[in-house]
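Student: Have a look at this one before I ask anything.
The values are calculated or read from the model by the stated rules, or taken from the named source; none is laboratory data. Small disclaimer: the values here were computed from a predicted structure and weren't measured. When we count neighbours, we look across all protein chains shown, and the Cβ atoms used for this are built from the backbone with ideal geometry, even at glycine.
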Amino acid sequence: MICMKLLPHFNNAVGTIIVTKTQKSCILIRNKEVAESYRRYFDMLWEQATPC
């Protein structure tokens, strides 16, 4: 399972949390352009998602 967490209080940062059965990892990227790209990607996926 991969979860993406956007950091609303840090406009120039985005975090990705990766959780598996044996490992938990977090990647923090501090770059305004990358953070905006992640936000646009997240919004696009959110609009296309269907409830389980």
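Rundown of residues vs (1) out of contact with any strand residue (DSSP E or B) (no Cβ under 8 Å at 6 or more places or on another chain); (2) modelled with pLDDT of 85 or more; (3) not basic (Lys, Arg), yes/no style:
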| position | (1), (2), (3) |
| --- | --- |
| 1 | no, no, yes |
| 4 | no, no, yes |
| 16 | no, no, yes |
| 22 | yes, yes, yes |
| 28 | no, yes, yes |
| 37 | yes, yes, yes |
| 43 | yes, yes, yes |
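Student: When both residues are 6+ apart or on different chains and their Cβ atoms are under 7 Å apart, which pairs have a first residue that lies in the range 14-31 and is closer than 19 Å to residue 43 by Cα, and a second that is among the acidic types (Asp, Glu)?
Tutor: none
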